[in-house]
Amino acid sequence: MKVVLENLTKKYPNRNKKEGGEVVAVDGFNFEIPDGKLIGLLGPSGCGKSTTLNLISGLEAPTEGKIYFGGDDVTDLPPENRGVGLVFQNYALYPHLTVRKNIRFPLENLKKGEKMTNEEMDAKALEAAKLVQIDEYMERKPSELSGGQQQRVAIARALVKIPRVLLLDEPLSNLDARLRLQTREEIRRIQKETGVTTIFVTHDQEEAMSISDMIVVMKKGVIQQIGKPQEVYDNPVNLFVAKFLGTPPINVFEGKVRDGKVWVGPDAILDAHGVPDKDVWVGIRPEGVIPDPTGPLKMKLLNIETMGRDTSVVCKDEAQTGDSLRFIIASDAKIDRKSKTVNFNVKPYKAFLFDKETEERIKIK
Amino acid sequence: MQNGKNYKAWLYLLPAIAFIGVFMIYPLIDVLIYSFEEGFNFASQSFFGTGGYNYSYVLHDPYFLQAVKNTFILVIITVPLSTGIALLISVGLNSVKKFKEFFQTVFFLPYVTNTLAVGLVFMILFKKTAYSDGLINLLITAFGGSAVDFIDGPYWAKMFVLCFYTIWVVMPFKILILTSALSSVDEMYYKAAKVDGTSKWRIFTRITLPMISPMIFYLVITGFIGAFKAYSDVVAIFGTNLNAAGMNTIVGYIYDMLYGNSGGYPSYASAAAIILFAIVLTITVINLLISKKNVKA
Ligand SMILES: Nc1ncnc2c1ncn2[C@@H]1O[C@H](COP(=O)(O)OP(=O)(O)OP(=O)(O)O)[C@@H](O)[C@H]1O
Ligand SMILES: [Mg+2]
């Protein structure tokens, strides 16, 4: 099911009475989610991710704008008529019901005409449980399951009615690192198997990047960028997106463009033909440098850490923003560990310029 | 280590245990002993012999049987009704947005009001005097009925007043407990249910009720116990000569046996008290068994 958001806006009255006015939780969203894709909705806390999901599910009514599922305008439909499955941040499994009854619950609500027999419901519930591999635990209560298992029950409950759209609100936030990794692969698998159009909310960029067909990066209710994860990573439209994606994060320097060259401190690190002279932010991805004693980017060397297959070089520079600079280099790269300084060549496609004021990307031709 | 811990735990519990022992266990045993001592005399602290005669006397005393009947009617009518009405009001309160606190305060007021003062209000509502028939009778006659004497009249009328009063008095506490239980149910369950297309009624019966069921059972159990121990409410409405009014309760009977006009029979009182204890214990155990089966939150 294709999902289209058209100028979708949600304003809340400000909770802080003194400030008054309104909080714009979702500001003029326009985008289209292709059928059967998994979309990662990504942004820092409070940027309106949950609100967006609530609007799509129908739990909240938009202040402005329209929502279409396929060709249908569902803006004014109540949640139960939209055919959405929703997995909550805390799962919201009914604690007094067993796994089977939790998964069956949506089926038991079906109105006349769609009503199922007891056996049909049990069969459907089992089918959904098998899909998420939770069928061994049908008679347990949610409190007798681990976080990951509860999460799978929640997904089974959301899937059992075969929703047109599956919405997941930070479903992995309560899991430990290992289980998170495992479960996100699982979600990907289930999504592929069912082909349900899925929106996955997270503030963890790695999570979003790893499983999404497309990511939507938000900031304060405004969409910053939409695209395939790698595209967004390689081509951020502004400093916010560049900073938000990637671990370790992008290294940002204060710099300037003079006479077609990008300067960081006294070093001219890159060519920038056709860019007028101005002050800029220079962002260099951690993997964007190659050690070279004659390289133009010169920094103080603080530390070299080898972790598994990566070697990371921790540096310091007068022009840096943030606490430290960290670059990842090939572990067989030659670098003088005893030296107080280090020189790098910069890969042009891993370095980005941003306007000092607007923080918008400046493309180097 | 383990023993040391145990010893400490008991030490901390000691004040409570001592208190319960002196003021509850000891009197209970004492009453039990009294109840088997026949013809106990306060003045001489002597008795004729031991046996079950006190029980036999009490169980054949028409006043006691009347008291048991009254108490049971009171319990059976007021506990379910008051809990049910309190639930309705709490659900209503929970769904209003504006003036919620105001309404909660209003419903809670009777709780902080003296029983006897509330009793007085009921007198005004129900009592027939030389000057007026009471407000309720005014209403009844206004709608074409004939006035009923609720305080000195027929049994059912008196029972009605007593039940009404009892429900009225226990209501605030129940509403307080239930509204807080209701608001402690996490909003996300309702959201999940809404997305699942659950009707309002099903949300109430399948989600809200089970989730607050521990509190409901708590109210039912304490309600039973409280209603079995009814006494002061009855006095507040019908005065102290309850046997004559035919409105005595078990606790009232015990009191009368001890200190009433025809009192001075601690043995009979003790036997009645033990019977009450046995009834309350049985009902409470049954309640707990049922709740164990049904309440799983
Ligand atoms: N019912 C409400 N009334 C007023 N303001 C609200 C309401 N719900 C959300 N907001 C505001 O809208 C903004 C977006 O909230 P939202 O819950 O969508 O954020 P989020 O991106 O899901 O954050 P998180 O990652 O912390 O869950 C926040 O500033 C929040 O304070
Ligand atoms: Mg959220």
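For the reader, a short list of remarks on this structure follows.
- For chain A, convex hull volume per residue from C-alpha positions, Å³: 177 Å³
- Summed buried accessible surface, chains B and A, 1.4 Å probe, nearest 100 Å²: 1800 Å²
- Cα-based helix-to-principal-axis angle, A:99-108 vs chain A, degrees rounded to 10: 70 degrees
- Threshold 40 Å², region B:175-207 residues less accessible with all protein chains present than alone (1.4 Å probe): B:Met188, B:Tyr189, B:Lys191, B:Ala192, B:Lys194, B:Val195, B:Asp196, B:Gly197, B:Arg202, B:Arg206
- Measuring nothing but alpha carbons in region B:137-232 and taking Rh as the Kirkwood radius, the Rg to Rh ratio lands at 1.18.
- Loop-located trypsin sites (Lys or Arg not before Pro) in region A:88-174, at most 14 other Cβ atoms within 10 Å (DSSP): A:Lys111, A:Lys112, A:Lys115
- Computed from the Cα positions only, the extents of region A:174-247 along the three principal axes stand at 34, 27, 23 Å, in decreasing order.
- Highest mobility in the GNM of chain B, judged by mean-square fluctuation with C-alpha springs under 10 Å and restricted to B:Gly153, B:Gly246, B:Gly226, is found for B:Gly153.
- Cβ-derived FRET efficiency at R0 60 Å, A:Tyr349 paired with B:Thr205, nearest 0.05: 0.45
- 3J(HN,Hα) along region A:37-50, derived from phi through the Karplus expression 6.51 cos²θ - 1.76 cosθ + 1.60 where θ = phi - 60°, amounts to 9, 10, 10, x, 9, 10, x, x, 4, x, 8, x, 5, 4 Hz, with x in place of Gly and Pro.
- In the structure shown, the pairs A:Lys37/B:Lys98; A:Lys115/B:Lys293; A:Lys130/B:Lys191 are assessed against 32 Å; a Cα-Cα span above that value is assigned to A:Lys37/B:Lys98.
- Straight-distance candidates among the lysines for linking to A:Lys256, with alpha-carbon spacing under 21 Å and chain neighbours fewer than 8 residues away dropped: A:Lys243, A:Lys278, A:Lys298, A:Lys300, A:Lys316, A:Lys347, A:Lys350, A:Lys356, A:Lys363, A:Lys365.
- Rounded to whole Å, sorted largest first: equivalent-ellipsoid semi-axes of the protein assembly as shown, Cα gyration tensor: 74, 31, 25
- Here the dipole of chain A is about 380 debye; that uses its Cα centre as origin and unit charges on the Cβ of Lys and Arg (positive) and Asp and Glu (negative).
- Hydrodynamic radius (Kirkwood) for chain B, which is based on Cα pairs only, to one decimal in Å: 22.5 Å
- In chain B, excluding the sites themselves, the longest stretch lacking any of the chymotrypsin sites (Phe, Trp or Tyr not before Pro) that are in a DSSP loop with at most 10 other Cβ atoms within 10 Å is B:144-297.
- Inter-part distance where region A:137-178 and region B:126-197 are each reduced to a Cα centre, Å: 45 Å
- Exercise: per-residue mean of other protein chain Cβ atoms within 10 Å, A:105-111: 5
- Stokes-Einstein D for region B:1-131, Kirkwood Rh over Cα pairs, 4 °C, 1.567 mPa s (µm²/s): 61 µm²/s
- Note: region B:238-291, Cα convex hull, 79 Å³ per residue.
- Here the Gaussian network model covers chain A, with springs between Cα atoms less than 10 Å apart; of A:Asn109, A:Asn54, A:Asn238, A:Asn109 fluctuates the most.
- Percent accessible area from carbon and sulfur atoms, region A:120-214, protein chains only, probe 1.4 Å: 47 percent
- Spatial separation of Cα centroids for region B:203-248 and region A:19-72, in angstrom: 51 Å
- Listed residue (B:Leu14, B:Tyr26, A:Ile250) projecting farthest to the positive dipole end of the protein assembly as shown, Cβ model: A:Ile250
- CD proxy at 222 nm, helix term only [per DSSP H run n ≥ 4: -39500 (n - 2.57); per residue of the protein assembly as shown; nearest 500]: -14000 deg cm²/dmol
- Its Cα centre serving as origin, chain B has a Cβ charge dipole (Lys and Arg +1, Asp and Glu -1) of approximately 1460 debye.
- In Å², nearest 10: area of A:Trp263 left accessible to a 1.4 Å probe: 80 Å²
- Applying a length cut-off of 18 Å (Cα extent along the axis) and a mean Kyte-Doolittle floor of 1.0 to the DSSP H helices of chain B leaves B:62-95, B:155-183, B:209-228, B:266-294.
- Summarising the amide proton neighbourhood of A:Val3: residues at separation of 5 or more, or on other chains, whose placed amide H is nearer than 5 Å comprise A:Ile33, A:Gly70.
- In this Cβ point-charge picture (+1 for Lys and Arg, -1 for Asp and Glu), the protein assembly as shown has a dipole of about 560 debye about its Cα centre.
- Two-site label geometry, B:Leu13 and B:Leu176: point separation in nm, points 7 Å out along Cα→Cβ: 2.9 nm
- Cα-based helix-to-principal-axis angle, A:177-194 vs chain A, degrees rounded to 10: 60 degrees
The values are calculated or read from the model by the stated rules, or taken from the named source; none is laboratory data. It should be emphasised that the depicted structure is a prediction, and the values quoted were computed from it without experimental measurement. Glycine also receives a Cβ, built like all others from the backbone with ideal geometry; neighbour counts cover every protein chain displayed. The protein model used for the area step is the full one, side chains on, heavy atoms only, and it has no ligands, DNA or RNA in it. Shrake-Rupley method; radii C 1.70, N 1.55, O 1.52, S 1.80 Å.
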